[in-house]
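The values are calculated or read from the model by the stated rules, or taken from the named source; none is laboratory data. Nothing here was measured: the structure is a model prediction, and the numbers come from that model. A quick note on method: Cβ atoms are made from the backbone with ideal geometry, for glycine too, and the neighbour counts reach across all protein chains shown. Note: areas computed on protein heavy atoms with side chains; ligands, DNA, RNA excluded. Shrake-Rupley method; radii C 1.70, N 1.55, O 1.52, S 1.80 Å.
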Amino acid sequence: MTDRQQLIRKHRQGTLTDAEYQEYLALLRDDPTFQEDVELDRMLTQVTRQDKNRLLWEAVQAAEADATVRPLSGGSRPWNTYAMAACVAGLLGWVTWLLWPSITGSSGPELVRTEKRDVRLLLDETTKGYDDYGGSVWLRWFENSRQQEPQTYTFCRDTLTVYLKNSRDTTQWQPVQLLFNADQRKLYVQPPNQPRRLLSECLDNPQPLSFTP
Amino acid sequence: MALFDFLSSRRKPDIQALVRQGRHLTDAASIREFSNQVRATFAPLLDSRLPPNNPANSPLRTTVFFELCGLIQTLLEDDRYFISHYETVLDELITVCRWKQQLSNVSPEAAAAADKSLQLAIQKRLTYWQNSQKGTHHHRIIRLLHPDDLPIVARRTLRAFVARYKRQQSEEPLFWLREERVELCFPLIKDYFFEQSAFWVFLFRGPNEAAFIDDALGNVRGWIRRRVIDDERPPEPELLNGINDIVSKVQFDFMQKVEGFRANPDSFYLDAGLATYLIGFVKQSRAIWKLLTGLYKQPISDNEPPADEDEAVGDADTGNLPATDDAADEDDYLYAKLRQCMASLSQEERDIIYAHHDHDYSDTVPFETLASRLKKSVKSLEGIYKRSLDKLKKCARGGGASQHQLATA
């Protein structure tokens, strides 16, 4: 690789020293062929990237479309095969009709967003003045329009999952603080100007969260 | 429960195999196979987050699968976090994909404010560069930033990137996984990261650190040359003087405006590369029109198009870039022309170019790495690559300023 190509490559990576950068700029100013090399390098990077992205985008779209519509295939079969298939399909249809909401999860929980949020340590008189950073937990909001409560939660393995009847309520969670009692290993949520609530850990069903965000 | 352990291990997707597959995508067939595997592996998990029976989720699901493919391809060799925490990563990816989907409908400012985690990731990277002992130009510049500057530069970097993304026409995976978090792929934001840092340092921390302006002016000079110089004939001295005059004038105008930016930095956002911004000045100047039409030897008269330079620059003052759509169209035209030229190369030459440039959505792959894969010596690869570049340059020149270039200028 020539020195000029090295300069272009290092410039693209952002690894030129001050002296090399001055050399690069002088060439860019005074040497039209160097400028042409720089431009070609930039364009090649763009074109190769765009081409691969296009192939990937088309492949992903095709895979999604295939998953949505799966065509029936196969050659000719005896009539009793079709009759059997029709019976099975009918039976499946009936079962599906009965269980449809639980199978599809229609209007079931849907992930709205997730963020990693810092936890503050609950400090007492003996620890006051120390840094109160207590680590972080994942906070996930799901919208579940089927639930009765405006807000429920599960908390397990450092992940707090909040189920909201209305997804717009996620914005009201911004001022809510997460507090950790290190002695008792308990996590609390504290909405502004409201008492803190203890979170139960790893229960089977989502629990109501008794504050309106 | 031990009796049924094999059931749970069967259900667990083989992420490692997927990661290995993502490193060897060489053609359309392998990309297709890879995307099918990603879909098959993650569809059940994604269904539990974004139910497929809700039609409104369909575009978002496609975007998530697309980004997931990009993220897996750009995983570091030694990354184990994704394999053990793929559910958490998917949740994070869905969140940023929602952000990506809304980009076309909101301003760069609103988009930058809408996701704090992406901005924080840029800020963290600035801190990392500040703490690094490396002796590069950009490390030194970033070390000049004060702690209070970091969130500002991070926000401006994100804004500039969003503005660029909104202008482009093609789909592109934006995210990768680094330090156990999903963030914007650094190679995509790198140019803005360096330029916004340098711009802020130049405004407030080191007024002599103006190398980034020379860098942009070099590109402006190249842009003018490509439009006005016919490769068949050596340029006349008056033409070269005309080019230098325009570059000097653009530099002078920009430096004058810098004083205004210093006084009120919130009034100005560089929502593009500086070169693109300065080319916007050139496009609206009378002098470039004279160079393009060969009238540069005559004095400028009052009734010639386009409008007065100072008026044109006035538009740019607010941070609204002049003629940015033209810039995107023009890039598309140049890329199409380059693709035509690449079609005239041999398959081997094309393969080496594709393998060298952006093989895994990050930086170029060194020839030393490619040598064993392509079963050729480094010298041989470099020779073929250089020969290909010469052919492309000759083809791309194609006889001086075209009608399209005249029109877009």
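Data for the structure
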{"item": "Search result, residues across segment B:49-75 that are closer than 14 Å to B:Phe175 by Cβ and part of a loop (DSSP other than H, G, I, E, B)", "result": "B:Thr74, B:Leu75"}
{"item": "Only listed residue being more than 9 Å from chain A (Cβ to nearest Cβ) and either of a type in the set (A, V, I, L, M, F, W, C) or more than 23 Å from the chain's Cα centre (by Cα) (or both), chosen from B:Val19, B:Val38", "result": "B:Val19"}
{"item": "Restricting segment A:157-213 to residues that are farther than 20 Å from B:Glu87 by Cβ and among the acidic types (Asp, Glu), the residue that is modelled with the highest pLDDT", "result": "A:Asp183"}
{"item": "Odd one out for B:His138 among (1) open to solvent by 20 Å² or more (accessible area, probe 1.4 Å); (2) within 18 Å of the chain's Cα centre (by Cα); (3) assigned by TED's automatic domain parsing to the domain that holds B:Glu33", "result": "(3)"}
{"item": "Evaluation of B:Met255 against (1) without any contact (Cβ under 8 Å) to a residue 60 or more places away in the chain; (2) within 25 Å of B:Asp331 (Cβ to Cβ); (3) part of a helix (DSSP H, G or I) (one fails), failing number", "result": "(2)"}
{"item": "Residue that is least open to solvent (accessible area, probe 1.4 Å), among those in segment B:160-196 that are within 19 Å of B:Thr276 (Cβ to Cβ) and outside any helix (DSSP H, G or I)", "result": "B:Glu172"}
{"item": "Restricting segment B:131-175 to residues that are in contact (Cβ under 8 Å) with a residue 12 or more places away in the chain and among the β-branched types (Val, Ile, Thr), the residue that is farthest from the other protein chains (Cβ to nearest Cβ)", "result": "B:Ile152"}
{"item": "Residues (open to solvent by 40 Å² or more (accessible area, probe 1.4 Å), under 20 Å from B:Ile141 (Cβ atoms) and outside any helix (DSSP H, G or I)) located in segment A:1-43", "result": "A:Thr15, A:Thr17"}
{"item": "Index of the failed condition, B:Gly399 passing every other in (1) small (Gly, Ala, Ser); (2) modelled with pLDDT under 65; (3) closer than 30 Å to B:Tyr165 by Cβ", "result": "(3)"}
{"item": "Test result for A:Thr127, in the same structural domain as A:Leu199 (by TED's automatic domain parsing) and at pLDDT 90 or above", "result": "no"}
{"item": "Test for A:Ser136: is it assigned to a strand (DSSP E or B), at pLDDT 90 or above, among the polar types (S, T, N, Q) and surrounded by fewer than 19 Cβ atoms within 10 Å (Cβ to Cβ)", "result": "yes"}
{"item": "Filter pass, B:Leu406 being over 21 Å from A:Glu36 (Cα atoms), at pLDDT below 90 and over 24 Å from the mean Cα position of the chain (by Cα)", "result": "no"}
{"item": "Test: residue in segment A:44-58 that is farther than 30 Å from B:Ala216 by Cα, modelled with pLDDT of 90 or more and buried (at least 19 other Cβ atoms within 10 Å of the Cβ)", "result": "yes"}
{"item": "Subset tally (residues that are open to solvent by 10 Å² or more (accessible area, probe 1.4 Å), in contact (Cβ under 8 Å) with a residue 40 or more places away in the chain and more than 10 Å from chain A (Cβ to nearest Cβ)) for segment B:210-229", "result": "1"}
{"item": "Unique residue being crowded, with 18+ Cβ neighbours inside 10 Å and free of Cβ contacts under 8 Å to residues at least 24 places away in the same chain when the list is B:Arg61, B:Arg39, B:Arg80, B:Arg49", "result": "B:Arg61"}
{"item": "Helices (runs of 4 or more DSSP H) within segment B:269-372 that include 3 or more residues within 27 Å of the chain's Cα centre (by Cα) and modelled with pLDDT of 65 or more", "result": "B:274-283, B:324-343, B:347-356"}
